[in-house]
Amino acid sequence: MAIRERAIELKTLDQLRLMREAGLILSSALDAVIAQARVGITTAELNDVFAEQLAQAGATSNFLGYYGYPATICTSVNDQVVHGIPDDRALEDGDVVSIDGGAIVRAASGGKGWHADSARTVIVGTADPADVELSELTEAALWRGIAAMATAGARRGRVGEIGDAIDDFVTERAGSKFGIIEDYTGHGIGTAMHMDPDVLNYRSRHRGPKLRPGMALAIEPLLVRGKIATHTLADEWTVVTNDHQRAAHWEHSVALHEGGIWVLTALDGGAEKLAPFGVQPVAF
């Protein structure tokens with residue numbers, strides 16, 4: 001059984017291994033979607049690619065049906081920050097598209113499913129250099145946050161140190177050029193897609209709980225080219241920037257165990273991307 005302490009679910013190594021299985025399936029499905037993302041394809045077609053990949057792997061979607069959500073991925077285009085619903089919109093030259101998806105696997109004996117959640121941003125066709133910078137900085141901020149989870153976790157620091165690291169990294173690299181979305185944050189993950197604790201992407205007086213072995217967190221910075229104010233469209237899902245500036249979104253699910261961290265949704269556990277920060281992920 002998973003252990004809960006102050007609403008934080010602590011996983012056993014066997015349970016984290018099931019989450020790793022979900023993470024690998026999810027990574028492969030996202031690879032397939034990114035490979036098909038091009039000018040002229042519809043976001044609904046990208047959703048079909050993802051759904052087929054999950055079905056072939058024997059996994060299920062944790063997005064489809066979530067509070068009535070109608071698809072297996074979120075496809076957020078240009079000024080759509082998160083939760084964009086796939087439809088018959090054909091992608092155009094230069095579009096910035098974030099693909100956010102999840103997967104669930106179950107143990108052979110059945111029981112609750114174990115979740116993974118990850119997002120990537122891709123630019124189709126001819127990319128605006130400012131959009132490239134936005135996406136690359138968002139991804140780099142993600143890895144800086146993951147590195148902070150590793151170093152803070154080793155000394156039983158606080159979840160809030162992840163947001164500190166992301167905020168400091170973005171401010172150092174871009175100043176006020178890009179904004180960090182504050183209304184949507186990372187989260188715990190395990191037997192549900194969204195669990196405690198919240199994982200902020202910015203500095204806050206709220207330090208969050210201590211990092212402990214068995215925790216799994218979805219870390220997901222969202223950056224925008226303009227101001228951070230957003231609103232939700234009439235579909236009650238799609239979140240867009242008020243000033244219609246473009247957004248980028250990158251996310252990984254990360255496990256903390258006695259030996260260190262392991263990025264559940266990265267093929268190599270995060271080794272390549274964490275190396276510049278002096279962090280070596282440890283398999284379990």
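Read the figures in this text as sums done on the coordinates, not as results from a lab. Please read these numbers as outputs of a predicted model, since none were measured by experiment. Glycine gets a Cβ as well: all are built from the backbone with ideal geometry, and neighbour counts include every protein chain shown.
If the condition is being surrounded by fewer than 19 Cβ atoms within 10 Å (Cβ to Cβ) and touching a Ser or Thr at 6+ places or on another chain (Cβ under 7 Å), then segment 58-87 contributes 64, 87. From the list 173, 212, the lone residue that is surrounded by fewer than 17 Cβ atoms within 10 Å (Cβ to Cβ) and closer than 15 Å to residue 146 by Cα is 212. Contact map, segment 207-230: residues that are in contact (Cβ under 8 Å) with a residue 24 or more places away in the chain and over 19 Å from residue 143 (Cβ atoms) paired with residues that are in a loop (DSSP other than H, G, I, E, B) and of a type in the set (A, V, I, L, M, F, W, C), Cβ distance under 6 Å, separation 6+ or inter-chain. Pairs shown: 208/159; 209/159; 228/181.
May I ask you to list the residues in segment 50-88 that are under 16 Å from the mean Cα position of the chain (by Cα), under 19 Å from residue 114 (Cα atoms) and assigned to a strand (DSSP E or B)? Answer for segment 50-88, where residues must be under 16 Å from the mean Cα position of the chain (by Cα), under 19 Å from residue 114 (Cα atoms) and assigned to a strand (DSSP E or B): just 73.
From the list 102, 111, 125, the lone residue that is without any contact (Cβ under 8 Å) to a residue 12 or more places away in the chain and outside any helix (DSSP H, G or I) is 111. Against the list (1) outside any strand (DSSP E or B); (2) farther than 17 Å from residue 170 by Cα, the condition residue 120 fails is (1).
Residues in segment 43-81 that are over 29 Å from residue 130 (Cα atoms) and polar (S, T, N, Q): 53, 56, 60, 61, 62, 72. Just a yes or no: is a residue in segment 10-25 crowded, with 23+ Cβ neighbours inside 10 Å, part of a loop (DSSP other than H, G, I, E, B) and within 20 Å of the chain's Cα centre (by Cα)? Yes.
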